[in-house]
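**Student:** Please see the structure below; I have some questions.
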Number of protein chains: 2
Amino acid sequence: MYAVILAGGSGTRFWPKSREQLPKQLLKITDHGTMIQNTLDRMTPVIPPENTWVITNEKHALETCRQLEPMGFCPSRLIAEPIGRNTAAAIGYSARVLSESDPSAIMAVFPADHAITTPEDFCELLLSAKTVAESNRLVTLGIEPLAPETGYGYIKKGQALKNDAFKVDQFVEKPDPSTAEKYLKEGGYYWNSGMFMWKVSTLLDEIKTHMPNLHAQLDALATNTVEAKGRYPYRMLDESGKKVFASLESISIDYGLMEKSNNTAVLPANIGWNDVGAWTALEDVSEKDPRGNVVTGSVITIDSSESIIQGDSKLVAALGLNNMIVVDTPDALLVCPKDRAQDVKKVVEQIKLEKRPEAISSITETRPWGNYTVLQKEANYLVKRIEVHPGESLSLQSHEHRSEHWTIISGTAQVQIDGTSHSLTRNQSIEIPQRAKHRLTNSGKSPLIIIEVQLGDRLDENDITRYEDKYGRA
Amino acid sequence: MYAVILAGGSGTRFWPKSREQLPKQLLKITDHGTMIQNTLDRMTPVIPPENTWVITNEKHALETCRQLEPMGFCPSRLIAEPIGRNTAAAIGYSARVLSESDPSAIMAVFPADHAITTPEDFCELLLSAKTVAESNRLVTLGIEPLAPETGYGYIKKGQALKNDAFKVDQFVEKPDPSTAEKYLKEGGYYWNSGMFMWKVSTLLDEIKTHMPNLHAQLDALATNTVEAKGRYPYRMLDESGKKVFASLESISIDYGLMEKSNNTAVLPANIGWNDVGAWTALEDVSEKDPRGNVVTGSVITIDSSESIIQGDSKLVAALGLNNMIVVDTPDALLVCPKDRAQDVKKVVEQIKLEKRPEAISSITETRPWGNYTVLQKEANYLVKRIEVHPGESLSLQSHEHRSEHWTIISGTAQVQIDGTSHSLTRNQSIEIPQRAKHRLTNSGKSPLIIIEVQLGDRLDENDITRYEDKYGRA
């Protein structure tokens, strides 16, 4: 059995913790691990990490590998999409890739950013789903509804099949409140969780029948690939492959295939599932204090109840709050009532409209070689913490407008300046003069951390001339 | 005419902007200048800065001088109290000091942290008050009440005197709502503003009559003084003076003297006065946006109204807020409904109970030689921005547990390390080895700014051995 994790989230509703460059699945939203780590972890008893594929946007490929590799995930099983084209394209493409190595594979599909509070039940269910999938069904996990939720699509069950599954009678759009109420009362309706199980061969056949245009492109997607340069050899499309991918219709697997196929089954699931769609979902998946608050970080609450207060390193004092959301991050803060949780996307839209960086990136920026955090930025100087992963190198570069002073905090740095090489360890420092050709390499086995002080009349990321780069950026 | 500014505020209700080390009067609460700067500024047409005395706690003396000296205030006219002993002690002591140089002086008393929106009317009023004071009255400025405010003491006017003043019939405690309503309806009642005018000789005579114990100590307070070392030669008590001051009764001038004297007058004042007692006062003294919000800093408001949102460098997104207070600072954030503004002191109490630093100090710490800001603190390193005022020096010191790396951002540094002197300017850096005896001096005429990276197994302010210090801290 194989898993494909769909990790294409855009991360607007968990702003300011999530950003375009760091969507929800890459964040620790609940107590343990990031959401995608939890997704990988919970299926491990049934599907080992080495049988797992991940499909994600290229800009999240490195961070995804960084998070999953220590858990046994193989970076060459990450498929990078050049742009988002919804779930039908992502699922079709990964199925085609998976069929290369194992045409008879059973393939399970999971969104990367959902929570499941009873993973044992979930694993048991996967084994049942596998049995149903083996009879050439497209199986979808249907969540037993607990409330008249209007935010989900519904699945109406039909005739009973073997192994507790049912034929799908109908996929139903997101209902209005009274319809949702009716579904709950009547029974036989399930929330569409976006989790599926099928034989790769069944799926590809069904795609051929119902989405022939997509099917026609799958061979091109499978062959026009290259391995990423750098630390993680994940799978990318080459230039022609990217063109093909861009030409695909942007449509969900539900609309594109499931609603049309006559071959679908639903397996009722009671697994403590939550799609973690907005800040208010924390109330379902986190521990609460005695007054019903979900609190993390350094927080003082006085006379506050039923609120979601997510602090960071700074002290947050919540006085007299009820049903409020407070989310603090180093560069952005959100305050809103809980009933406005869905409108956080409006905040993100507004920030984008104002062309502010806080919608896209946070103060810690990920790079192929590691990451950096701006500690202070003023007109004529800038202080950064730089972390370089073991074995990685920044490009050979120079700056027209600034000099740099580096102090090594931990690890071993190989610093090349105008052709001369210097080896530095903790408590040593060095100056990179303006216009000097230089390169920083972590030549040790532990992370290299340096504090950089930049001085100059122009301090921006664009003042960089690259001469060589192992990640193809020169 | 002389002014005495009472600057003894403790700064709990404007947390997190105000801290024990940086009370309200030293903060920019409204648009222009800090509150004490505004207090000095608005009286300038009538009382020149060189005729102004300031009495404040010793721990705020340096910052007060730093703020007021550029406006013409003479630092030797700052009187530092070793501890707070309420207004009777502060006023009696300053009157005694003032009488040394001018026994016939007219003395006006102003709290350092109030707002006045029509300073022209205020200046005119000071001239009237002077005339009344010349007839040996203790004059108090009584604010025409605009609302049935229960937070102030009231003054009931009696028989009319010359120059629009009235004899005081009675000082009245803070009333309950219905009494306050009655006062407003009846008229003839004024808010006790804490602003006074009198001849120094009248005041000292009255203190002799009504507070003989205080009067008996004033000579000792006047003689047991020393000049502060360092940049500002403000006036401090010596060890015996401090003992005397500590022995004084802690009582307000209202209870101790005004309520007992038969010689008091009230001058009705219509000067746009506000005591700026809590965050909600910003609504009276600041400009509002079209939806009634008082907003500063980098703030996005969506569907928000009647709220007070004080951002700092970070982006604050306020979504769907109504009648809320949000105050963000680099190390602490407050969120509460407006009707809880008075309870911010409960937050400060709670923080003190938890022995957290955020009640006392902010991330920028003031020192006799300048200030420093912690940019990042981790277990084994710490990054600081250090600013040294021109001509100032840190103590000659060493550290047992850490080395330090300095990069000069601006200004000229004289760095002494184990007896050797180094002169450094912008873009130069130097290492201070562990245990080396070192000293940093700003030998230039502009501020010296350096970035310091500390590395060590213990990084706290107590790991410092001082050998020499121009501020008497060695």
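The values are calculated or read from the model by the stated rules, or taken from the named source; none is laboratory data. As the structure is a prediction and not an experimental result, all values here were calculated from the model. Because the Cβ atoms are built from the backbone with ideal geometry, glycine has one as well, and the counts that use them run over all protein chains shown.
**Student:** Could you list, in sequence order, the residues of segment A:344-395 that are under 19 Å from A:Ala413 (Cβ atoms) and of a type in the set (Gly, Ala, Ser)?
**Tutor:** Initial filter on segment A:344-395 (under 19 Å from A:Ala413 (Cβ atoms)): A:367-373, A:375, A:383-395.
Listed by number, the residues that qualify are A:Gly370, A:Gly391, A:Ser393, A:Ser395.
**Student:** Let me ask something additional. Let me spell it out: the conditions are (1) away from every other protein chain (no Cβ under 14 Å); (2) touching a residue at least 24 places away in the same chain (Cβ under 8 Å); (3) surrounded by 15 or more Cβ atoms within 10 Å (Cβ to Cβ); (4) more than 17 Å from B:Val453 (Cβ to Cβ), and A:Ile417 meets all of them except one. Which number is the exception?
**Tutor:** It is condition (2) that A:Ile417 fails.
**Student:** Next question. When B:Leu125 is evaluated against the numbered criteria (1) closer than 19 Å to B:Tyr183 by Cβ; (2) hydrophobic (A, V, I, L, M, F, W, C); (3) surrounded by 15 or more Cβ atoms within 10 Å (Cβ to Cβ), which criterion, by number, is the only one it fails?
**Tutor:** Every listed condition holds for B:Leu125 apart from (1).
**Student:** Can you name the condition, by its number, that A:Lys167 falls short on among (1) at pLDDT 95 or above; (2) within 19 Å of A:Ala80 (Cα to Cα)?
**Tutor:** Result: A:Lys167 passes all but (2).
**Student:** Kindly indicate whether B:Asn323 is in the same structural domain as B:Leu27 (by TED's automatic domain parsing) and in contact with an Asp or Glu (Cβ under 6 Å, 6 or more places away or on another chain). Spell out the reasoning first.
**Tutor:** Details: in the same structural domain as B:Leu27 (by TED's automatic domain parsing): no; in contact with an Asp or Glu (Cβ under 6 Å, 6 or more places away or on another chain): yes.
When the stated conditions are applied, B:Asn323 does not pass them.
**Student:** Just give me the residues in segment B:52-96 being over 18 Å from B:Gln37 (Cα atoms) and of a type in the set (Gly, Ala, Ser), in sequence order.
**Tutor:** Listed by number, the residues that qualify are B:Gly84, B:Ala88, B:Ala89, B:Ala90, B:Gly92, B:Ser94, B:Ala95.
**Student:** In segment A:364-393, how many residues are under 26 Å from the mean Cα position of the chain (by Cα), of a type in the set (Gly, Ala, Ser) and surrounded by fewer than 18 Cβ atoms within 10 Å (Cβ to Cβ)?
**Tutor:** 1
**Student:** Still on this structure, please answer the following. Among (1) in contact with a Phe, Trp or Tyr (Cβ under 9 Å, 6 or more places away or on another chain); (2) under 30 Å from B:Ser443 (Cα atoms), there is one condition B:Pro145 misses while meeting the rest; what is its number?
**Tutor:** Going through the list (1) in contact with a Phe, Trp or Tyr (Cβ under 9 Å, 6 or more places away or on another chain); (2) under 30 Å from B:Ser443 (Cα atoms), B:Pro145 breaks only (2).
**Student:** Could you identify the single residue in B:Glu249, B:Glu259 that is under 23 Å from B:Asn136 (Cβ atoms) and either touching a residue at least 40 places away in the same chain (Cβ under 8 Å) or among the hydroxyl-bearing types (Ser, Thr, Tyr) (or both)? Full working, then the answer.
**Tutor:** Working: B:Glu249 fails: under 23 Å from B:Asn136 (Cβ atoms).
Going through B:Glu249, B:Glu259 in turn, just one is under 23 Å from B:Asn136 (Cβ atoms) and either touching a residue at least 40 places away in the same chain (Cβ under 8 Å) or among the hydroxyl-bearing types (Ser, Thr, Tyr) (or both): B:Glu259.
**Student:** When segment A:394-405 is examined, which residues are found to be in contact with a Ser or Thr (Cβ under 6 Å, 6 or more places away or on another chain) and crowded, with 21+ Cβ neighbours inside 10 Å?
**Tutor:** Selection gives A:His405 alone.
**Student:** Here is a further query. One residue is enough: does segment B:296-307 have a residue meeting the conditions at the interface with chain A (Cβ under 7 Å from one of its Cβ atoms) and touching a Pro at 6+ places or on another chain (Cβ under 6 Å)?
**Tutor:** No, because not a single residue in segment B:296-307 is at the interface with chain A (Cβ under 7 Å from one of its Cβ atoms) and touching a Pro at 6+ places or on another chain (Cβ under 6 Å).
**Student:** Could you grab me the full set of residues in segment B:442-471 that are over 13 Å from B:Ser393 (Cβ atoms), away from chain A (no Cβ under 14 Å) and part of a strand (DSSP E or B)?
**Tutor:** Initially, segment B:442-471 is screened for residues over 13 Å from B:Ser393 (Cβ atoms), giving B:445-447, B:449-465.
Now restrict to residues that are away from chain A (no Cβ under 14 Å): B:445, B:458, B:460-465.
Of everything in segment B:442-471, just one residue is over 13 Å from B:Ser393 (Cβ atoms), away from chain A (no Cβ under 14 Å) and part of a strand (DSSP E or B), namely B:Thr465.
**Student:** Within segment A:27-51, work out how many residues are surrounded by 22 or more Cβ atoms within 10 Å (Cβ to Cβ) and at pLDDT below 95.
**Tutor:** The total comes to 1.
**Student:** Also, I was wondering about something else. Condition check: farther than 30 Å from A:Glu134 by Cβ and assigned by TED's automatic domain parsing to the domain that holds A:Ser128. Does A:Ser252 satisfy that?
**Tutor:** Details: farther than 30 Å from A:Glu134 by Cβ: no; assigned by TED's automatic domain parsing to the domain that holds A:Ser128: yes.
For A:Ser252, the condition - farther than 30 Å from A:Glu134 by Cβ and assigned by TED's automatic domain parsing to the domain that holds A:Ser128 - is not met.
**Student:** Moving on. What number goes with the only condition from (1) free of Cβ contacts under 8 Å to residues at least 40 places away in the same chain; (2) part of a strand (DSSP E or B); (3) more than 10 Å from chain A (Cβ to nearest Cβ) that B:Ala318 does not pass?
**Tutor:** (3)
**Student:** Moving on to the next point. Select, from A:Thr117, A:Thr150, the only residue that is within 20 Å of the chain's Cα centre (by Cα) and among the polar types (S, T, N, Q). It would help to see each step written out before you state the result.
**Tutor:** Values: A:Thr150 fails: within 20 Å of the chain's Cα centre (by Cα).
None of the others qualify; the one that does is A:Thr117.
**Student:** How many of the residues making up segment A:420-441 are in contact with a Leu (Cβ under 7 Å, 6 or more places away or on another chain) and touching a residue at least 24 places away in the same chain (Cβ under 8 Å)? So that I can check it myself, show each step before the final result.
**Tutor:** Keep residues of segment A:420-441 that are in contact with a Leu (Cβ under 7 Å, 6 or more places away or on another chain), which gives A:426-427, A:430, A:437, A:439-440.
Narrowing further to those that are touching a residue at least 24 places away in the same chain (Cβ under 8 Å): A:430, A:437, A:439-440.
Of the residues in segment A:420-441, 4 are in contact with a Leu (Cβ under 7 Å, 6 or more places away or on another chain) and touching a residue at least 24 places away in the same chain (Cβ under 8 Å).
**Student:** May I pose another question? Failed condition for A:Leu218, given (1) farther than 24 Å from A:His114 by Cβ; (2) surrounded by fewer than 21 Cβ atoms within 10 Å (Cβ to Cβ); (3) of a type in the set (A, V, I, L, M), with all others met?
**Tutor:** If we test A:Leu218 against (1) farther than 24 Å from A:His114 by Cβ; (2) surrounded by fewer than 21 Cβ atoms within 10 Å (Cβ to Cβ); (3) of a type in the set (A, V, I, L, M), just (2) comes out false.
**Student:** Only one of B:Thr150, B:Thr225, B:Thr202, B:Thr179 is without any contact (Cβ under 8 Å) to a residue 12 or more places away in the chain and either of a type outside the set (Gly, Ala, Ser) or out of contact with any helix residue (DSSP H, G or I) (no Cβ under 6 Å at 6 or more places or on another chain) (or both). Can you tell me which?
**Tutor:** So the residue among B:Thr150, B:Thr225, B:Thr202, B:Thr179 that is without any contact (Cβ under 8 Å) to a residue 12 or more places away in the chain and either of a type outside the set (Gly, Ala, Ser) or out of contact with any helix residue (DSSP H, G or I) (no Cβ under 6 Å at 6 or more places or on another chain) (or both) is B:Thr179.
**Student:** Please enumerate the residues belonging to segment A:321-341 that are at the interface with chain B (Cβ under 7 Å from one of its Cβ atoms) and of a type in the set (D, E, K, R).
**Tutor:** Within segment A:321-341, A:Asp328, A:Asp331, A:Arg340 qualify.
**Student:** Does segment B:356-363 contain any residue that is within 30 Å of the chain's Cα centre (by Cα), more than 10 Å from every other protein chain (Cβ to nearest Cβ), farther than 28 Å from A:Glu452 by Cα and in a loop (DSSP other than H, G, I, E, B)? Show your work before the answer.
**Tutor:** Within segment B:356-363, the subset within 30 Å of the chain's Cα centre (by Cα) is B:356-363.
Still in the list and also more than 10 Å from every other protein chain (Cβ to nearest Cβ): B:360-362.
Filter once more, keeping what is farther than 28 Å from A:Glu452 by Cα: B:360.
Next, only the ones that are in a loop (DSSP other than H, G, I, E, B) stay: B:360.
Within segment B:356-363, one or more residues are within 30 Å of the chain's Cα centre (by Cα), more than 10 Å from every other protein chain (Cβ to nearest Cβ), farther than 28 Å from A:Glu452 by Cα and in a loop (DSSP other than H, G, I, E, B).
**Student:** Now for a different question. Looking at this structure, is A:Pro433 surrounded by fewer than 17 Cβ atoms within 10 Å (Cβ to Cβ) and either of a type in the set (A, V, I, L, M) or at pLDDT 95 or above (or both)?
**Tutor:** So A:Pro433 fits the description; yes.
**Student:** Might you check whether a residue that is within 12 Å of chain B (Cβ to nearest Cβ) and either closer than 30 Å to B:Ile363 by Cα or within 26 Å of the chain's Cα centre (by Cα) (or both) occurs anywhere in segment A:242-258?
**Tutor:** Looking only at segment A:242-258, we keep the residues that are within 12 Å of chain B (Cβ to nearest Cβ), and these are none.
No, segment A:242-258 has no match at all.
**Student:** So which of B:Lys174, B:Lys157 is farther than 28 Å from B:Leu40 by Cα, in contact (Cβ under 8 Å) with a residue 40 or more places away in the chain, more than 24 Å from the chain's Cα centre (by Cα) and in the same structural domain as B:Pro45 (by TED's automatic domain parsing)?
**Tutor:** Numbers: B:Lys174 fails: in contact (Cβ under 8 Å) with a residue 40 or more places away in the chain.
Result: B:Lys157 is the single residue among B:Lys174, B:Lys157 that is farther than 28 Å from B:Leu40 by Cα, in contact (Cβ under 8 Å) with a residue 40 or more places away in the chain, more than 24 Å from the chain's Cα centre (by Cα) and in the same structural domain as B:Pro45 (by TED's automatic domain parsing).
**Student:** Right, next: Can you name the residue in segment A:365-411 that is outside any loop (DSSP other than H, G, I, E, B) and of a type in the set (Gly, Ala, Ser) and, of all such residues, is nearest to the other protein chains (Cβ to nearest Cβ)? Give the steps one after another, and end with the answer.
**Tutor:** So in segment A:365-411, the residues outside any loop (DSSP other than H, G, I, E, B) come out as A:365-367, A:370-377, A:381-388, A:393, A:396-398, A:402-410.
Subsequent filtering for residues that are of a type in the set (Gly, Ala, Ser) retains A:370, A:393, A:398, A:403, A:410.
Working: A:Gly370: 16, A:Ser393: 23, A:Ser398: 16, A:Ser403: 6, A:Ser410: 7 Å.
Going through the qualifying residues, I end up with A:Ser403.
**Student:** Residues in segment A:52-69 that are surrounded by fewer than 24 Cβ atoms within 10 Å (Cβ to Cβ) and over 15 Å from A:Trp369 (Cα atoms): how many?
**Tutor:** Counting residues in segment A:52-69 that are surrounded by fewer than 24 Cβ atoms within 10 Å (Cβ to Cβ) and over 15 Å from A:Trp369 (Cα atoms) gives 4.
**Student:** Looking only at segment B:342-353, count every residue that is out of contact with any Leu (no Cβ under 8 Å at 6 or more places or on another chain) and either surrounded by fewer than 20 Cβ atoms within 10 Å (Cβ to Cβ) or within 8 Å of chain A (Cβ to nearest Cβ) (or both) and tell me the total.
**Tutor:** The first filter runs over segment B:342-353 and keeps only residues out of contact with any Leu (no Cβ under 8 Å at 6 or more places or on another chain), leaving B:342, B:345, B:348-350, B:352-353.
Going one step further and asking which of them are either surrounded by fewer than 20 Cβ atoms within 10 Å (Cβ to Cβ) or within 8 Å of chain A (Cβ to nearest Cβ) (or both), we end up with B:342, B:345, B:349-350, B:352-353.
So the answer is 6.
**Student:** Moving on. Name the residues in segment B:186-199 that are among the small types (Gly, Ala, Ser) and without any contact (Cβ under 8 Å) to a residue 60 or more places away in the chain, would you? Explain how you work it out, then say what you get.
**Tutor:** To start, the set of residues in segment B:186-199 that are among the small types (Gly, Ala, Ser) comprises B:187-188, B:193-194.
Scanning segment B:186-199 gives B:Gly187, B:Gly188.
**Student:** Cβ-Cβ under 8 Å, sequence separation 6+ or interchain: first residue in segment A:323-335 and within 16 Å of A:Ser305 (Cβ to Cβ), partner acidic (Asp, Glu) and not in a strand (DSSP E or B). Which pairs?
**Tutor:** Final answer for the pair search is A:Asn323/A:Glu306; A:Asn323/A:Asp339.
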